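For reference, the structure discussed in these notes is given below.
The values are calculated or read from the model by the stated rules, or taken from the named source; none is laboratory data. Predicted model, so just to flag it, every value in this text is computed and none were measured. So basically every Cβ, Gly included, is an ideal-geometry build from the backbone, and we count neighbours across all protein chains shown. Calculation scope for accessible area: heavy atoms of the full protein, side chains included, ligands and nucleic acids excluded. Shrake-Rupley method; radii C 1.70, N 1.55, O 1.52, S 1.80 Å.
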Amino acid sequence: ANSVEYYNLGLVITDEEHKFGVEQRDSLVEKASSGVHTITMSATPIPRTLAITLYGESKEVFTINQMPSGRKPVITGIAKSDERTFSFMRSTIAKGQQCYVVCPLIKDSDSEKMEGVESVENIYGRLVEYFEDDDTIKIEMLTGKQSSEEVEETIGRFSRNETQVLISTTVIEVGVNVPNATVMMIENADKFGLAQLHQLRGRVGRGDAQSYCIM
């Protein structure tokens, strides 16, 4: 922030680099004395590509290509049948694990560009109907329209496995760590960018169980 003054800033670390603009990062560097060290971090491929393009050899790029011990690569696939996907989610929940479902919209849209695009509310209704025979399966919605307190409470319930299916927009793209969640279902995956898909897939595979990303 412009109002913050640093006594002797010497190191700037920016995590989730793709969430910040160039000017935002530069504003921190400008507050520092000459020779400040700058580290930017991201789990997506786009910032690394841009760094090489813009800075060439003047910027060192370090790639951490090893997962923490015990983790398995996320199996990623494409599905066209909700019935098969919902059935797979049911078998996952039966093993005590949890599922994410991410949609591009909060509500159905009348826009021609969004024709056939799934919304959080629509998928919520269909999943509630699909799992109505099992009252042990709890489903919740999470969107950016909720207050920060509601978001925190909803994620908290999911973290404690009080909720088995969390349907959301991209508000869970970063900063959510639930190792017990092993399925990420992304509706209308073509409506998301490469970095978004990469980050969304990164919400699963955070424990030692095999995880899946279904687009």
Self-check item: Hey, PRO47 modelled with pLDDT of 80 or more, in contact with a helix residue (DSSP H, G or I) (Cβ under 9 Å, 6 or more places away or on another chain) and on the phi < 0 side of the Ramachandran plot or not
Solution: no
Quiz prompt | Test: residue in segment 132-148 that is closer than 20 Å to ALA79 by Cβ, open to solvent by 60 Å² or more (accessible area, probe 1.4 Å) and either not hydrophobic (A, V, I, L, M, F, W, C) or not in a helix (DSSP H, G or I) (or both) | solution = no
Quiz prompt | Checklist (1) part of a helix (DSSP H, G or I); (2) modelled with pLDDT of 95 or more applied to GLU83, failing item | solution = (2)
Quiz item: Between residues in segment 196-215 that are within 17 Å of THR169 (Cβ to Cβ) and residues that are of a type in the set (Asp, Glu) and part of a loop (DSSP other than H, G, I, E, B), which pairs lie under 9 Å by C-beta distance while being six or more apart or on different chains?
Solution: GLN196/GLU173; GLN199/GLU16; GLN199/GLU173; LEU200/GLU173; GLY202/GLU173; ARG203/GLU173; MET215/GLU187
Quiz item: Could we say that LEU127 is part of a helix (DSSP H, G or I), buried (at least 17 other Cβ atoms within 10 Å of the Cβ) and either modelled with pLDDT under 95 or on the phi < 0 side of the Ramachandran plot (or both) here?
Solution: yes
Quiz item: When you go through (1) among the aliphatic types (A, V, I, L, M); (2) touching a Gly at 6+ places or on another chain (Cβ under 6 Å); (3) open to solvent by 70 Å² or more (accessible area, probe 1.4 Å) one by one for VAL74, which number turns out not to apply?
Solution: (3)
Practice problem: Given the conditions (1) at pLDDT 90 or above; (2) more than 16 Å from MET184 (Cβ to Cβ); (3) open to solvent by 40 Å² or more (accessible area, probe 1.4 Å); (4) not in a loop (DSSP other than H, G, I, E, B), report the number of the one that SER91 does not fulfil. | Solution: (2)
Exercise. Identify the residue in segment 153-180 that is open to solvent by 10 Å² or more (accessible area, probe 1.4 Å), touching a strand residue (DSSP E or B) at 6+ places or on another chain (Cβ under 8 Å) and in a loop (DSSP other than H, G, I, E, B) and, among all such residues, is farthest from GLU129 (Cα to Cα).
Key: ASN180
Quiz item: Within segment 181-193, can you find the residues that are farther than 18 Å from GLU83 by Cα, hydrophobic (A, V, I, L, M, F, W, C) and surrounded by fewer than 22 Cβ atoms within 10 Å (Cβ to Cβ)?
Solution: PHE192
Exercise. May I ask you to say which residue of ILE155, ILE167, ILE172 is closer than 20 Å to ARG90 by Cα, out of contact with any Cys (no Cβ under 6 Å at 6 or more places or on another chain) and not charged (D, E, K, R)?
Key: ILE167
